[in-house]
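First the structure, in the form of structure tokens, and then the observations on it.
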Amino acid sequence: MTIKVQNVNKKYRSGEVDIHALREATLEVPDHEIVTILGPSGSGKSTLLNVIGGIDQFDTGRIEVAGSYLETLKSSQLTEFRRNNIGFIFQQYNLIPTLTVKENVEVGKELSSQPLDMEDILQKVGMEDKENKFPYQLSGGEQQRVAIARALIKNPKYLLCDEPTGALDEETGKKILSLLKYVNSIYGTTVLIITHNQGIGDMANRVIRMKSGEITDSFINEHPIEPE
Ligand code: ADP
Ligand code: ADP
């Protein structure tokens with residue numbers, strides 16, 4: 001199964017003007033790839049990720065993800081689609097501050113019909129010794145690991161990451177990328193990563209470039225480098 005985005009358009013109305021966030025966006029991503037989405041601020045990267053993940057609606061075109069045609073789904077069906085298929089990672093980790101590491105991951109588990117094992121996931125992301133800590137007791141890199149665990153415990157086919165290293169220093173960012181690469185290798189999760197960082201592009205199987213709402217380039221990286 002693949003992600004297929006065909007001639008997708010999306011406009012935002014801003015006062016008197018239409019902002020064309022996606023223009024005839026067309027893209028195919030085979031399963032199990034790591035894809036980076038590069039492009040200047042405002043070029044439509046987040047909008048693309050959000051329509052693929054079923055968070056945002058789009059105006060015209062077709063999007064097929066995991067066998068579902070998203071333009072045909074009602075709101076309740078989109079919720080079900082996300083629950084079964086999609087994990088999101090954001091720049092700001094969006095952990096619940098009053099919950100411990102384990103309880104934050106539990107939130108993801110409760111959202112899932114077929115969750116993975118809690119202890120195994122915490123170990124995979126390297127947070128098994130800190131399961132009873134609260135977010136404020138963790139570094140940024142550790143908080144992002146917890147956010148990744150919360151997304152992963154649902155066992156999603158697709159992990160959609162919007163600037164996952166944007167709030168981290170370079171060294172910590174590299175460790176998070178290594179973790180995403182590891183997740184891809186052990187679970188076969190397809191990973192889409194929005195980034196400003198060319199270095200991240202170098203480790204992907206596929207690189208997509210966007211400009212003014214258009215996908216201007218999509219090419220396979222024959223020799224992805226290993227992070228670190
Ligand atoms: P990127 O992720 O590349 O920075 P976005 O997808 O966030 O780009 O935004 C694409 C365009 O759509 C930008 O011009 C942005 O200002 C506009 N946009 C995004 N979200 C909204 C919104 N909710 N309302 C109005 N305009 C928006
Ligand atoms: P990472 O493994 O994410 O790179 P660091 O090397 O930045 O983590 O942090 C090492 C340790 O220092 C962490 O285990 C964490 O407990 C502590 N630490 C780092 N930053 C903070 C912070 N802002 N607040 C509290 N503790 C922190």
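Summary table below
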item: All positions within the range 134-150 that are within 15 Å of the chain's Cα centre (by Cα) and surrounded by fewer than 20 Cβ atoms within 10 Å (Cβ to Cβ); result: none
item: First in the range 36-47 and among the hydrophobic types (A, V, I, L, M, F, W, C), second anywhere and outside any strand (DSSP E or B) and open to solvent by 10 Å² or more (accessible area, probe 1.4 Å), Cβ under 7 Å, 6 or more apart; result: Ile37/Lys45
item: Output for the range 38-68, where each listed residue is at pLDDT below 95 and in a strand (DSSP E or B); result: Leu38
item: Residue count, the range 1-11 (criterion: modelled with pLDDT under 95 and not polar (S, T, N, Q)); result: 1
item: Where a residue in the range 99-126 is of a type in the set (A, V, I, L, M, F, W, C) and its partner, wherever it lies, is in a loop (DSSP other than H, G, I, E, B) and open to solvent by less than 20 Å² (accessible area, probe 1.4 Å), with Cβ under 7 Å and at least six apart; result: Val101/Met127; Val105/Ile153; Leu116/Ile153; Met118/Ile153; Ile121/Ile153
item: Criterion (touching a strand residue (DSSP E or B) at 6+ places or on another chain (Cβ under 7 Å) and away from ligand 2 (no atom under 16 Å from the Cβ)) met by exactly one of Leu38, Leu73; result: Leu38
item: Cross-chain or 6+ apart pairs with Cβ under 7 Å, the range 56-78 first and free of Cβ contacts under 8 Å to residues at least 12 places away in the same chain, then part of a strand (DSSP E or B); result: Tyr69/Arg62
item: Matching strands (runs of 3 or more DSSP E) fully within the range 159-228 where at least 3 residues are more than 29 Å from Asp120 (Cβ to Cβ) and open to solvent by 30 Å² or more (accessible area, probe 1.4 Å); result: 214-220
item: Failed item in (1) touching a Leu at 6+ places or on another chain (Cβ under 8 Å); (2) of a type in the set (D, E, K, R); (3) open to solvent by 80 Å² or more (accessible area, probe 1.4 Å), with Glu64 passing the rest; result: (3)
item: Selection within the range 91-133 - in a loop (DSSP other than H, G, I, E, B) and open to solvent by 70 Å² or more (accessible area, probe 1.4 Å); result: Gln92, Asn94, Pro97, Thr98, Leu111, Ser113, Gln114, Asp117, Asn132, Lys133
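The values are calculated or read from the model by the stated rules, or taken from the named source; none is laboratory data. Here the structure is a predicted model, which means the values were calculated and not measured. Quick reminder, even Gly has a Cβ in these numbers, built from the backbone with ideal geometry, and neighbours come from all protein chains shown. To get the accessible areas, we keep the full protein, side chains included, count just its heavy atoms, and leave off ligands, DNA and RNA. Shrake-Rupley method; radii C 1.70, N 1.55, O 1.52, S 1.80 Å.
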